[in-house]
Amino acid sequence: MAQLFHPAANTVARVMVLCAFTGPIVALLVGSAITRSSFNTNVGVPLAQPVPFSHEHHAVELGIDCRYCHTDVERSPNPGLPSSEICMSCHSQIWTDSPLLKPVRDSYRENKPLVWNQVNWVPRFVYFPHDIHVARGISCNNCHGPIQKMMITYKGKAFFMVFCLNCHRQPEKFLAPPQFVWQLYQDIQRYGDRVDPTGKDGLTPREYALAEGKYYENQGADLVEGERLKKEYHIHTVQITNCSVCHH
Ligand code: HEC
Ligand code: HEC
Ligand code: HEC
Ligand code: HEC
Ligand code: HEC
């Protein structure tokens, strides 16, 4: 009897069956890769600003405390951006005629705020307060990446819901004493990227990871401390994973 199908048809059928199964998976993977790529979230992409302000220069090389410019970061939900007056506290004396600083001088003289382009944001239906996170020792770098290395500021992390929840489900892996937030930058300034696991003459492994913008989960003594702090602050994961905490 003549063959009903050419042997090659078998291969074609197999490929078609395979495509039917993998097609949706591939589409999903491509879809989530697109939403998660820097194309969509702009993670790691320096954002052009009216003045090329460098955190590397000001926060580490000159050692200016974050709170000098982001004055409300410990006290209010919103850290705020510095007024031109704050810049002029130095730039009325240093680099006074740099063309790069002209927008700052103009804004100061005309008493019109300089409009910076916003790098980080969450959608309007999400509530994010800074003060409580900073008071719990969560490093700025945990959420903003290696800010002290940025010549031009870029977004360090994508604020997908799972990013917030991952910490809210197990905060002990991230908690630290409040002063740790500021200690990190003082130590980076002092030690550069020299590491000393004891932290006596270099960065601790936790500081090093955060300085590099890596994702660090407390281990060893840090984790023991994290668990203690969680109890001390009466943090209940059931409470902070409740939808209404972030979506009022
Ligand atoms: C001398 C002033 C100054 C200091 C000190 C400073 N910043 Fe900034 N920061 C700015 C200015 C101006 C902007 C807005 C322009 C930009 O995005 O670069 C900014 C922007 C930011 C942003 C992005 C804001 C957005 O639009 O989402 C983050 C995050 C940030 N700073 C964190 C820090 C941290 C952390 C420190 C301490 C290590 C720090 N800053 C120290 C002036 C400062
Ligand atoms: C505590 C003092 C201080 C403050 C506050 C400060 N700066 Fe500076 N800034 C400096 C110094 C010092 C330099 C230059 C040093 C060098 O080049 O080595 C500098 C350099 C700069 C430069 C580079 C200028 C050039 O021509 O290369 C820019 C741009 C700048 N600052 C922007 C700002 C802005 C914007 C603010 C406010 C958000 C600000 N600075 C606040 C001290 C300060
Ligand atoms: C737990 C995560 C987290 C930590 C820790 C954190 N931030 Fe933020 N930051 C965010 C998010 C999320 C936004 C966007 C907020 C919004 O859209 O309302 C933001 C926005 C900002 C902005 C922009 C505000 C504006 O008005 O444009 C600045 C400046 C900033 N953060 C500075 C800091 C500094 C300085 C620290 C450390 C002292 C810090 N952040 C710690 C998550 C964090
Ligand atoms: C690295 C850890 C960490 C990350 C990341 C984080 N949080 Fe939190 N957040 C905490 C901790 C810890 C608390 C509980 C503080 C307490 O109650 O003492 C908290 C509390 C809160 C609260 C409750 C504040 C209050 O007044 O009770 C809100 C709202 C919140 N976080 C929103 C967010 C959002 C939105 C994100 C993501 C953009 C986020 N958090 C990311 C650690 C984190
Ligand atoms: C710790 C803070 C936090 C908690 C708790 C939280 N969310 Fe969200 N949620 C977010 C953030 C941040 C986004 C924005 C994500 C983005 O821009 O991609 C978001 C986005 C969403 C969205 C929009 C779709 C999406 O995924 O972007 C929905 C729907 C949503 N949340 C529902 C919920 C529900 C239901 C719960 C409770 C089971 C919940 N959320 C708990 C922070 C939170």
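The values are calculated or read from the model by the stated rules, or taken from the named source; none is laboratory data. Not measured: the values here are computed from a predicted model. Ideal geometry is used to build each Cβ from the backbone, glycine not excepted, and the neighbour counts take in all protein chains shown.
Quick notes on this one:
- V73 within 30 Å of T41 (Cβ to Cβ), in contact with an Asp or Glu (Cβ under 8 Å, 6 or more places away or on another chain), assigned to a loop (DSSP other than H, G, I, E, B) and not hydroxyl-bearing (S, T, Y): yes
- Residue count, the stretch 82-98 (criterion: of a type in the set (A, V, I, L, M), part of a helix (DSSP H, G or I) and either within 16 Å of ligand 3 (Cβ to nearest atom) or farther than 14 Å from F53 by Cα (or both)): 1
- Taking the criterion of being touching a helix residue (DSSP H, G or I) at 6+ places or on another chain (Cβ under 7 Å), at pLDDT 95 or above and either among the aliphatic types (A, V, I, L, M) or surrounded by fewer than 15 Cβ atoms within 10 Å (Cβ to Cβ) (or both), the residues of the stretch 150-169 that qualify are M150, M151, R169.
- Residue within the stretch 233-248 that is modelled with pLDDT under 95 and either in a loop (DSSP other than H, G, I, E, B) or closer than 26 Å to R67 by Cβ (or both) present: yes
- Of G156, G145, G137, all but one fail to be within 25 Å of L223 (Cβ to Cβ), in contact with a Phe, Trp or Tyr (Cβ under 6 Å, 6 or more places away or on another chain) and within 11 Å of ligand 3 (Cβ to nearest atom); the exception is G137.
- Of the candidates Y216, Y185, Y191, Y208, the single residue that is over 18 Å from the mean Cα position of the chain (by Cα), surrounded by 12 or more Cβ atoms within 10 Å (Cβ to Cβ) and of a type in the set (F, W, Y) is Y191.
- The single condition among (1) hydroxyl-bearing (S, T, Y); (2) surrounded by fewer than 18 Cβ atoms within 10 Å (Cβ to Cβ); (3) within 16 Å of ligand 4 (Cβ to nearest atom) that S139 does not satisfy is (2).
- One residue stands out in the stretch 70-97 among those that are buried (at least 16 other Cβ atoms within 10 Å of the Cβ) and within 20 Å of Q179 (Cα to Cα): the one that is nearest to ligand 2 (Cβ to nearest atom), namely H70.
- When the stretch 123-149 is filtered for residues that are under 23 Å from H58 (Cβ atoms), in contact (Cβ under 8 Å) with a residue 60 or more places away in the chain and not charged (D, E, K, R), the ones remaining, listed by number, are V134, S139, C140, N141, N142, G145, P146, I147, Q148.
- Matching option when the condition is away from ligand 3 (no atom under 11 Å from the Cβ) and assigned to a loop (DSSP other than H, G, I, E, B), among L101, L114: L114
- Taking each residue of the stretch 194-219 that is under 14 Å from Q183 (Cβ atoms) and of a type in the set (D, E, K, R) and looking for partners that are at pLDDT below 95 and part of a loop (DSSP other than H, G, I, E, B) with beta-carbon atoms closer than 6 Å, six or more apart or interchain, yields R206/Y216.
- Tally of residues being surrounded by 11 or more Cβ atoms within 10 Å (Cβ to Cβ) and either within 16 Å of ligand 5 (Cβ to nearest atom) or touching a residue at least 40 places away in the same chain (Cβ under 8 Å) (or both) across the stretch 101-122: 9
- Matching residues in the stretch 116-133 - criterion: being of a type in the set (V, I, T), touching a helix residue (DSSP H, G or I) at 6+ places or on another chain (Cβ under 9 Å) and more than 10 Å from ligand 1 (Cβ to nearest atom): V122, V126
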